[in-house]
1. Might you check whether a residue that is more than 10 Å from every other protein chain (Cβ to nearest Cβ) and closer than 19 Å to B:Pro36 by Cβ occurs anywhere in segment A:32-40?
2. Looking at B:Val53 and the list (1) over 20 Å from B:Glu202 (Cα atoms); (2) away from chain A (no Cβ under 11 Å), which single condition is not satisfied?
3. Of a type outside the set (A, V, I, L, M) and free of Cβ contacts under 8 Å to residues at least 24 places away in the same chain: is that true of B:Tyr111 in this structure?
4. Tally up the residues in segment B:103-134 that are in a loop (DSSP other than H, G, I, E, B) and either of a type in the set (A, V, I, L, M) or more than 14 Å from every other protein chain (Cβ to nearest Cβ) (or both), please.
5. Please find, within segment A:3-31, the residue that is farthest from the other protein chains (Cβ to nearest Cβ) out of those that are buried (at least 19 other Cβ atoms within 10 Å of the Cβ) and not in a helix (DSSP H, G or I).
6. Name the single residue, out of those in segment B:33-46 being more than 23 Å from B:Met1 (Cα to Cα) and of a type outside the set (Gly, Ala, Ser), that is modelled with the lowest pLDDT.
7. Does at least one position in segment B:20-35 carry a residue that is within 15 Å of the chain's Cα centre (by Cα), within 30 Å of A:Arg59 (Cα to Cα) and within 11 Å of another protein chain (Cβ to nearest Cβ)?
8. Residues to consider are A:Leu366, A:Leu310, A:Leu354, A:Leu298; find the one that is closer than 21 Å to A:Ala215 by Cα and crowded, with 23+ Cβ neighbours inside 10 Å.
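The values are calculated or read from the model by the stated rules, or taken from the named source; none is laboratory data. Small disclaimer: the values here were computed from a predicted structure and weren't measured. Glycine also receives a Cβ, built like all others from the backbone with ideal geometry; neighbour counts cover every protein chain displayed.
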Amino acid sequence: MSADLVCHLARFAGSLRAAGVRVTVGDEVDALRAVTLADLGDPEDVRLALRCTLKIRPRDAEAFEDLFARHWLQAGRADPLRPPRAEHGPGNPRSSGLVPASPRPVEVEVELPRGDEPGWSRDAILRKKPFEECDDRELARLEQLLARLAERLATRRSRRFVPVRGRGRPDLRRSLRRAVATSGELLSLAHRQRPIETSRLVLVCDTSGSMDPHARFLLAFARALKRVARRTEVFTFNTELVRITSWLSGGQQRSAMEQLAAAVPDWSGGTRIGECLEAFAVRHLEELVDSRTVVLVLSDGLDRGEPERLAAAMQRIQARARRILWLNPLLGDPRYQPTARGMAAALPFVDALLPVHNLESLERLLPRLAP
Amino acid sequence: MRAEVRTLQEAMAREGYIADEAIATALLLTGELGKPLLIEGDAGVGKTEIAKVLARLRETELIRLQCYEGLDVSTALYEWNYPRQMLRVRMSEQEAIDADRMEQAVFGRSYLLERPLLRAITRREGPAVLLIDEIDRADEAFEAFLLEVLSDFQVTIPELGTIRAEHVPYVVLTSNCTREIGDALRRRCLYLHLDHPSLEKEVRIVRSRVPGASEALALQIGRFLQALRARRLARAPGVAESIDWARALVRLHQDHLDGEVVRATLGCVVKDRHDLRDLNTTELGRLVAEARGEVAAP
């Protein structure tokens, strides 16, 4: 194989990377082997071989076709045969801005007017009281209730079995192995069981001006969750994304709030949800979010940025996360419709849109945090 | 490679699979580079069928592993045959065999139940086609394990040692994209994305799979399905559905679409109750008229 071909392919892979298509050296090796098998005089042959070996997904198809036309049709040959058509894959979804709505129907939960529950206690009233109407003493009490509430965080049994001592289902494989030592006498049964999986949560909280009345409380919620599900990660954003996980463990609530006010730029300023979620997707998505992670976005969806960026970021997060829940304090008002531009852009990629305006709504949220 | 691609396309067509050049190229490269092929696409576009046709073309066995959440090594790779082991141990209680020798006897190949992955590796008669279906349903732990098997084509069983592949199987993985496949596994494979077929291809597929369907019926079914897919249903019908529908209509002795029969058999194609509700009688009438070419499609 000629050195020319190797260089040409490397340059092509380089421009693909520059265009945001992920191509590894391993892919290049595959591509090189495939191209040596292909008929170099036939662009279609080369194109199909490259698409297959460089693992071009539909979302990268447009960039690939563009660069292919530039690198392989005009560079090498005098006759750029017919321009390559995109036979496979729909057009690049990113180009069309808002991609078609996801097939998963979005649930929107709105507070239903219900009769008061029987019995009376100060806590029962507190549970339904909107956060912004609480005074300091009530807030402190709410925080205590919250801590107890979080302990009920939903868990589920794993589908996998692990060996355990004592109770559980008999584990024949291990039992028999043990029995061999006692010439086939099963003196004790080994057991296995499905372990309990705790949630992995990522909270991304909006701290802009419009969220101000709720911020203190939602951070208390984040702290309470963090105590139960250790692997909870917390971010805040308004114009910039800040990771605040480490401030929440230990120490007092107030100090966390003070640190936050000092470190978060423009605390209670405007919001750029799209840019901040995009930053989250670029910097933290692979490390912190996997198919067992529930991502919670706490925001009223009043975005000053471009809705396209928000939609693209939400799509990336949804593809990786187990579930993505959008918690919106405005939903507590039955007249509210999710029509704010940002909210409308994010909605197709959200598994459920839920209210968070009082303790009761947080309580109802808990089962949805199951891994 | 063009000529080989043509030949493969023709061979696949003889087996009843209408493949375009991208599919044939991907299959050829899988064989030449000895790498697994990852096929992604919506349900019902013919991903699984590719593996079946490949097995028929290579005249070899198709070994299928259906993935689901919680799939583990004992279902995918191997399991010991406990009742037989137990029996053997019991039967030799009188003989004074020491524990080591007993263990060797009981953990021998003949007590091993081969599950799909192990069978694909140990098949003696030549390479098998291993279909790992709906890999997106398995969890990440299984994906990591699969990565190990697919890179070396060898497995280690603690009691037995390492078993190497006699022949490296042709591996086809399919995914409905319900979950993002890990990058490591993706990189280990060649990649093919299957989309819903064009009208012309769909008509050819229906004609080839349902010989009883007339040219006109196949064309009308094709047009109807294309129009349905353009409507953004919650569950877009695949080629599998158009074939089913063609079979149903042929069985009902139809050689063209008409409103009443379409309404009666719509369940072959539209399999979601919200979608069914959205397709009211006038909508259906319009779609049928368009499919029959009586009204120009908008």
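1. yes
2. Only one criterion in (1) over 20 Å from B:Glu202 (Cα atoms); (2) away from chain A (no Cβ under 11 Å) is unmet by B:Val53, namely (1).
3. So B:Tyr111 does not fit the description; no.
4. 7
5. Going through the qualifying residues, I end up with A:Val21.
6. The selected residue is B:Asp42.
7. Looking through segment B:20-35, at least one residue is within 15 Å of the chain's Cα centre (by Cα), within 30 Å of A:Arg59 (Cα to Cα) and within 11 Å of another protein chain (Cβ to nearest Cβ).
8. Just a single option satisfies the conditions, and that option is A:Leu298.
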